[in-house]
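> A single structure is presented below for examination.
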There are 2 protein chains.
Amino acid sequence: MKIIIVGGVAAGASMAARARRLNEEAEIIVLEKDTFISFANCGLPYHIGGEIKERDALLLQTPETLKETLNIDVRTNHEVTEIDRKSKQVTVTNLKNNQIYTENYDKLVLCQGAEPLRPPIPGINHPKIFTLRNIPDMDAIIREVGSGAQKAVVIGGGFIGIEVAEAFRHRNIEVNLVELQNQLMPPLDSEIACDLGNHMKNKGVQLHLGQAAKEFIDNNGKVNVILDNGEALLADLAVLAIGVKPASHLAVNAGLETGNRGGIKVNNQMQTSDPDIYAAGDMVEVTDFVTGEPTQVPLAGPANRQGRIVADNIFGYKSEYQSTQGTAVVKIFDMTAGSTGASEKTLRRINHPFQKIYLHPSGHAGYYPGTAPMHIKLLFQPETGLILGAQIAGYDGVDKRIDVFATAIRAKMTVFDLEHLELAYAPPYGSAKDPANMAGFIASNFLRGDLDLWYAEDFPDKTAAGTLLDVRGKKEFSSWHIPGAINIPLGQLRTRLNEINKDQPVYIYCRVGFRSYLAYRILIQKGFRQASVLAGGSKTFNCFCCMAPSTGGPGVPFVSHAEEKMAEKPDALKNP
Amino acid sequence: MKIIIVGGVAAGASMAARARRLNEEAEIIVLEKDTFISFANCGLPYHIGGEIKERDALLLQTPETLKETLNIDVRTNHEVTEIDRKSKQVTVTNLKNNQIYTENYDKLVLCQGAEPLRPPIPGINHPKIFTLRNIPDMDAIIREVGSGAQKAVVIGGGFIGIEVAEAFRHRNIEVNLVELQNQLMPPLDSEIACDLGNHMKNKGVQLHLGQAAKEFIDNNGKVNVILDNGEALLADLAVLAIGVKPASHLAVNAGLETGNRGGIKVNNQMQTSDPDIYAAGDMVEVTDFVTGEPTQVPLAGPANRQGRIVADNIFGYKSEYQSTQGTAVVKIFDMTAGSTGASEKTLRRINHPFQKIYLHPSGHAGYYPGTAPMHIKLLFQPETGLILGAQIAGYDGVDKRIDVFATAIRAKMTVFDLEHLELAYAPPYGSAKDPANMAGFIASNFLRGDLDLWYAEDFPDKTAAGTLLDVRGKKEFSSWHIPGAINIPLGQLRTRLNEINKDQPVYIYCRVGFRSYLAYRILIQKGFRQASVLAGGSKTFNCFCCMAPSTGGPGVPFVSHAEEKMAEKPDALKNP
């Protein structure tokens, strides 16, 4: 058995290593067109920023280590230029000496990953425009930074764009970040992304949301980035991080089937339309776990697992790739944001029925230092309560809850199951009722009909037809309230019910949704049949409207929104 | 409907709040014999240690806040002394004025929790012997510490004992910790607990494992703690933290059924043997999720959820408590340890079939600062791979993986499902192959027959009949090795196979199990039919033998074990 693997980073290295473990006799050749294999591509921004001090730390394997431990023939700087499927051979150029040769194969595995998008914008080839996908890219950016760069423009507000912007700030570079969408982190719904933008602004990143670069103009060796709105951002360097596309030209030229986003089509054994050719990693089209749609998800975890699965299938092990749910997390200075499963915008796009709740629990017990509220959005199927997706932005414990939701989604759990999860609690780590439990309680109350919700997007059109009732304290109300609201603090509600019109809907709200839930329970039992609670309270409302920053750091009381400071004790009830 | 709740901390407060939310008309009375309700009992050690600065932060609710927001009648310093089940009334003493009165009820809810064990050891009533269960207990300890205590003895090495010992060290008090078992954290298996002991010793706690206090002798107002081995530990104060027992005397006197560990028997609606009396929290007997056995699990999470479920059932909502899996976590200075599901010792006790694996993945990408390896033990059913339990000791990311395993256990996932989990990865948070995936890979390989394991406990009896093969590097081997082992570094194995006897078992090992897995795959394919790999490698072996400390802190290279420093590159392969 002779296996040729094209590309030796995540999927390719995993595939090769697994193949050798399964079969000691196979001839395994990795052809990598770049100089490095199996490097930590997710670590690149952190070496630019200086958190990862040693460049060598990013080089996980060398051809020598793979030869020694796994007897794998790794050839770097070897580019495959053609696949001859009929005679089962590839044409290879040794880029070190430009020699061209052919290698035959029994099984060919394509793991070429994805490459950064570089749209044909005028000036796109300016020498001070960089992308960041591999070690040489990183080295080039570091050289530029080291030569005294003071201003940078980052184009793209997704994972890489955010990480690079943060890295530049760590190097004291002035950063302008340009993003086409009206929010950072386009995979998230905008109300969850809102605080990330506020946080980045606090950290000195200038945001240009809803803008694209329309031209790059040279200015004495610097690059002048011209935005759609005409604004010009002069910079020592620009980093283009607007996304990637599957590096599938070789596959396409060989006539392998691809999907409409350019990814190679594979079956669940990772086999392409040619049964002797497998593909894995960022270049393949996968099935979305929640929606069942074909999609393109360039993530390291799935790439590594797909590599394993290719090896399994080549050697006759039953092993199937089950689909991708898109679990992802990103660090944004002191914040963390993540998501798993489907977003509301995805569900709306495909007309998939859903319900949603929001909550703002703290990462661990509020009385133990170092925590702050996180903003959770949970999406689930009406009636059954099957969990469809979760998104979180916050400080401590965000990645943990994303993983709990990710596991629950994979297990096809419902919101009712979340109520019963028994998660690890000690004050430094969580709460007796964990955020995942709380999400379950709220969603289950809602589905069982013990709680009715209204949403920030219902204001002002829908709410205009009823009473907007603010049950927070007087000081909180006078600091800020939703226009048109009347104020009856929760503690006075039982004695002031006569002030509310029973014949029209009552739209209740408080800061995070707990006091209004108590108010709702009172009203509904006192004959108000059309009451509902603002999901996520004024905190979610503010994020939805992208109003004022409402985040603090762990252990720091909320600083930027006067309302926060005045929140009264009763919210503590949610976590006794 | 008139509901009387006896006890107003975790289960009681949750029950009362939920009851009011479900029913606005019910009369809800909470009778609490102590001065405080709904306080953060899990936070008490942290206020002693000074991490939680404000005592008030621990007081989550007062009778006034519960009256105002929930219209609940809370009577503190009111002790219930008798239940008259026939006439459905309780006898109450107002401890403030010693007035005795009766209250009738429609439904009675017992939430009295548990009380610290105080065995009849001679001298147990010495005034410098404290327990820690409530605010007055904490206040008394803080007064003692504040009056210049320099030496303390903590008796009991479980959650409270460990937390109190750490708190005292934060106050610069010399601490001797006495534990009857030969390990800290008795719910954990000893090899996982080993490093916790080493870490506590590094932090200046003197450990006395396998020892009990047999007498307390007064010495000029100080307490002299005499151990079984005759050692005398003179201290300014001693804290007794050897466990709790259900506070069930009231229930027992009323003739309610109890289990053989003293817990009140309840059905899954939390109803006692009297259908008008419910019970919840530390005082009830629960069913173990994994073993199905009745057990006593005093944890805040289950207590809170049980309180909710009582309220649900009183008001006709279908709601069942499903069982307790015992998920728990503890902070030990810089370390974290946790477990969920069954331990090996539990499974052995009840003769439940199991298999086990160990691994030592880092909390997040090794090249990103601030991480260290954690020691994971995974227990699962033979053949089906159903996950039975998980235990972890480490630094960063331990609580997260405990929660992932806890969710997987609750969902009845198998080790094969762990392979497919799609967890959140970015270098500061995890690895492309998360520790939970790695555990799945190893356990699945084992169950599928692609990996055979041997265990630390097989040495020396079983291993004596074969070849003990160390495939680490030469330097690692010369620094320390298992007695009797021969050394063939992995990179030389393919060319030195003739040095190993094919006719007898080969017991392979390396540092964490990865290089030996590669060696195993070579041997097994080269005709060695009886090869196996030491589960968890020499790191688990060392812990099993409780040999040398093998832990470092996050970001700190291993300092205390020469072998660690010499581990060679190939282990990085496990995380490409």
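The values are calculated or read from the model by the stated rules, or taken from the named source; none is laboratory data. Computed from a predicted structure; not experimentally measured. Virtual Cβ from ideal backbone geometry, glycine too; neighbours counted across all protein chains shown. For accessibility, only protein heavy atoms count, side chains too; no ligands or nucleic acids. Shrake-Rupley method; radii C 1.70, N 1.55, O 1.52, S 1.80 Å.
> One residue is enough: does region A:156-168 have a residue meeting the conditions more than 21 Å from A:Ile392 (Cβ to Cβ), at pLDDT 95 or above and touching a Phe, Trp or Tyr at 6+ places or on another chain (Cβ under 8 Å)? Write out each step before concluding.
As a first pass, look at region A:156-168 and keep what is more than 21 Å from A:Ile392 (Cβ to Cβ): A:156, A:164, A:167-168.
Okay, now just the ones that are also at pLDDT 95 or above, so A:156, A:164, A:167-168.
Of the ones still in play, those that are also touching a Phe, Trp or Tyr at 6+ places or on another chain (Cβ under 8 Å) are A:167.
Yes, because at least one residue in region A:156-168 is more than 21 Å from A:Ile392 (Cβ to Cβ), at pLDDT 95 or above and touching a Phe, Trp or Tyr at 6+ places or on another chain (Cβ under 8 Å).
> On to the next question. Name, by its number, the condition in (1) open to solvent by 10 Å² or more (accessible area, probe 1.4 Å); (2) touching a Ser or Thr at 6+ places or on another chain (Cβ under 8 Å); (3) among the hydroxyl-bearing types (Ser, Thr, Tyr) that does not hold for A:Tyr455.
Every condition holds for A:Tyr455 apart from (2).
> Separate question: Within region B:501-519, track down each residue that is of a type outside the set (Ser, Thr, Tyr) and surrounded by 21 or more Cβ atoms within 10 Å (Cβ to Cβ). Full working, then the answer.
Within region B:501-519, the subset of a type outside the set (Ser, Thr, Tyr) is B:501-506, B:508, B:510-515, B:518-519.
Result: B:Val506, B:Ile508, B:Cys510, B:Arg511, B:Val512, B:Gly513, B:Phe514, B:Arg515, B:Leu518, B:Ala519.
> Among (1) more than 19 Å from B:Lys331 (Cβ to Cβ); (2) touching a strand residue (DSSP E or B) at 6+ places or on another chain (Cβ under 8 Å), which single condition is B:Gly146 missing?
(2)
> Right, something else. Filter region A:418-431 down to the residues that are open to solvent by 10 Å² or more (accessible area, probe 1.4 Å) and within 7 Å of chain B (Cβ to nearest Cβ) and list them by number.
A:His420, A:Leu423, A:Tyr425, A:Pro428, A:Tyr429
> Residue by residue through region A:468-496, note down the ones that are away from chain B (no Cβ under 13 Å) and either in contact (Cβ under 8 Å) with a residue 40 or more places away in the chain or under 12 Å from A:Arg511 (Cβ atoms) (or both).
The answer is A:Leu468, A:Leu469, A:Asp470, A:Lys475, A:Glu476, A:Phe477, A:Ser479, A:Trp480, A:His481, A:Ile482.
> Taking A:Glu563 as meeting all but one of (1) more than 14 Å from every other protein chain (Cβ to nearest Cβ); (2) outside any loop (DSSP other than H, G, I, E, B); (3) at pLDDT 65 or above, write down the number of the exception.
Of (1) more than 14 Å from every other protein chain (Cβ to nearest Cβ); (2) outside any loop (DSSP other than H, G, I, E, B); (3) at pLDDT 65 or above, only one is false for A:Glu563: (3).
> When the residues of region A:370-416 are filtered to those that are in a helix (DSSP H, G or I) and more than 7 Å from chain B (Cβ to nearest Cβ), which remaining residue is surrounded by the most Cβ atoms within 10 Å (Cβ to Cβ)? It would help to see each step written out before you state the result.
If we filter region A:370-416 for residues that are in a helix (DSSP H, G or I), which is where we start, we get A:398-410, A:415-416.
From what is left, the residues that are more than 7 Å from chain B (Cβ to nearest Cβ) are A:398, A:401, A:405, A:409, A:415-416.
Details: A:Val398: 25, A:Arg401: 28, A:Phe405: 30, A:Ile409: 24, A:Val415: 25, A:Phe416: 16.
Within region A:370-416, the match that is surrounded by the most Cβ atoms within 10 Å (Cβ to Cβ) is A:Phe405.
> What's the total number of residues in region A:327-336 that are more than 7 Å from every other protein chain (Cβ to nearest Cβ) and out of contact with any Leu (no Cβ under 7 Å at 6 or more places or on another chain)?
Residues that pass the stated criteria total 3.
> Could you list, in sequence order, all residues of region A:120-136 that are surrounded by 18 or more Cβ atoms within 10 Å (Cβ to Cβ) and not in a loop (DSSP other than H, G, I, E, B)?
Within region A:120-136, A:Ile129, A:Phe130, A:Ile135 qualify.
> Considering only region A:184-235, state which residues are in a loop (DSSP other than H, G, I, E, B) and among the small types (Gly, Ala, Ser). Before the answer, list the steps.
Initially, region A:184-235 is screened for residues in a loop (DSSP other than H, G, I, E, B), giving A:184-189, A:203-204, A:210-212, A:220-221, A:228-231.
Within region A:184-235, A:Gly204, A:Gly210, A:Ala212, A:Gly221, A:Gly230 qualify.
> Name the strands (runs of 3 or more DSSP E) wholly inside region A:1-119 in which the number of residues that are in contact with a Lys or Arg (Cβ under 8 Å, 6 or more places away or on another chain) and surrounded by 24 or more Cβ atoms within 10 Å (Cβ to Cβ) is 1 or more. Spell out how you get there, then give the answer.
Numbers: elements: A:2-6, A:27-32, A:73-76, A:78-84, A:89-94, A:99-104, A:107-110, A:114-116.
Passing ranges, in order: A:2-6, A:27-32, A:73-76, A:107-110.
> Of these, A:Asn172, A:Asn182, A:Asn229, A:Asn219, which one is closer than 30 Å to A:Phe36 by Cα and surrounded by fewer than 16 Cβ atoms within 10 Å (Cβ to Cβ)? Lay out the reasoning, then the answer.
On the way: A:Asn182 fails: closer than 30 Å to A:Phe36 by Cα; A:Asn229 fails: closer than 30 Å to A:Phe36 by Cα; A:Asn219 fails: closer than 30 Å to A:Phe36 by Cα.
Result: A:Asn172 is the single residue among A:Asn172, A:Asn182, A:Asn229, A:Asn219 that is closer than 30 Å to A:Phe36 by Cα and surrounded by fewer than 16 Cβ atoms within 10 Å (Cβ to Cβ).
> In region A:127-136, which residues are within 20 Å of A:Gln211 (Cα to Cα) and touching a Phe, Trp or Tyr at 6+ places or on another chain (Cβ under 7 Å)?
A:Ile129, the sole residue that qualifies.
> Quick check on region A:431-452. Is at least one of its residues without any contact (Cβ under 8 Å) to a residue 60 or more places away in the chain, aromatic (Phe, Trp, Tyr) and closer than 25 Å to A:Glu191 by Cβ?
Yes, region A:431-452 contains at least one residue that is without any contact (Cβ under 8 Å) to a residue 60 or more places away in the chain, aromatic (Phe, Trp, Tyr) and closer than 25 Å to A:Glu191 by Cβ.
> For A:Ala342, work out the one condition from (1) among the small types (Gly, Ala, Ser); (2) without any contact (Cβ under 8 Å) to a residue 60 or more places away in the chain; (3) open to solvent by 40 Å² or more (accessible area, probe 1.4 Å) it doesn't fulfil.
With respect to (1) among the small types (Gly, Ala, Ser); (2) without any contact (Cβ under 8 Å) to a residue 60 or more places away in the chain; (3) open to solvent by 40 Å² or more (accessible area, probe 1.4 Å), A:Ala342 is out only on (3).
> Taking the conditions exactly as written (over 28 Å from B:Phe441 (Cβ atoms) and within 9 Å of chain B (Cβ to nearest Cβ)), does A:Glu51 satisfy them or not? Walk me through how you get there before you give the answer.
Working: over 28 Å from B:Phe441 (Cβ atoms): yes; within 9 Å of chain B (Cβ to nearest Cβ): yes.
Spelling it out, A:Glu51 is indeed over 28 Å from B:Phe441 (Cβ atoms) and within 9 Å of chain B (Cβ to nearest Cβ).
> Moving on to the next point. How many residues are more than 8 Å from chain A (Cβ to nearest Cβ) and not charged (D, E, K, R) if we restrict to region B:54-65?
Number of matching residues: 3.
Yes or no, residue by residue, for (1) under 23 Å from B:Arg18 (Cβ atoms); (2) within 12 Å of chain A (Cβ to nearest Cβ); (3) surrounded by fewer than 24 Cβ atoms within 10 Å (Cβ to Cβ):
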residue: B:Ala251; (1), (2), (3): yes, no, no
residue: B:Thr258; (1), (2), (3): no, no, yes
residue: B:Gly262; (1), (2), (3): no, no, yes
residue: B:Val297; (1), (2), (3): yes, yes, yes
residue: B:Asp312; (1), (2), (3): yes, yes, yes
residue: B:Gly338; (1), (2), (3): no, yes, no
residue: B:Asn351; (1), (2), (3): no, no, yes
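> Looking only at region A:67-81, how many residues end up being at the interface with chain B (Cβ under 8 Å from one of its Cβ atoms) and either of a type in the set (A, V, I, L, M, F, W, C) or touching a Pro at 6+ places or on another chain (Cβ under 8 Å) (or both)? Please lay out each step first, then the result.
Taking region A:67-81 and keeping what is at the interface with chain B (Cβ under 8 Å from one of its Cβ atoms), we get A:68-71.
If we keep only those that are either of a type in the set (A, V, I, L, M, F, W, C) or touching a Pro at 6+ places or on another chain (Cβ under 8 Å) (or both) too, we end up with A:68-70.
Selection size over region A:67-81: 3.
> Follow-up question, since we're still on this one. Output the number of the condition that B:Arg20 fails; it satisfies all remaining conditions of (1) under 25 Å from B:Val284 (Cα atoms); (2) facing chain A (nearest Cβ under 8 Å); (3) modelled with pLDDT under 95.
(3)
> Return yes or no: is A:Lys214 more than 21 Å from A:Gly43 (Cα to Cα) and more than 25 Å from the chain's Cα centre (by Cα)? Quick ask: steps written out before the conclusion?
Values: more than 21 Å from A:Gly43 (Cα to Cα): yes; more than 25 Å from the chain's Cα centre (by Cα): yes.
For A:Lys214, the condition - more than 21 Å from A:Gly43 (Cα to Cα) and more than 25 Å from the chain's Cα centre (by Cα) - is met.
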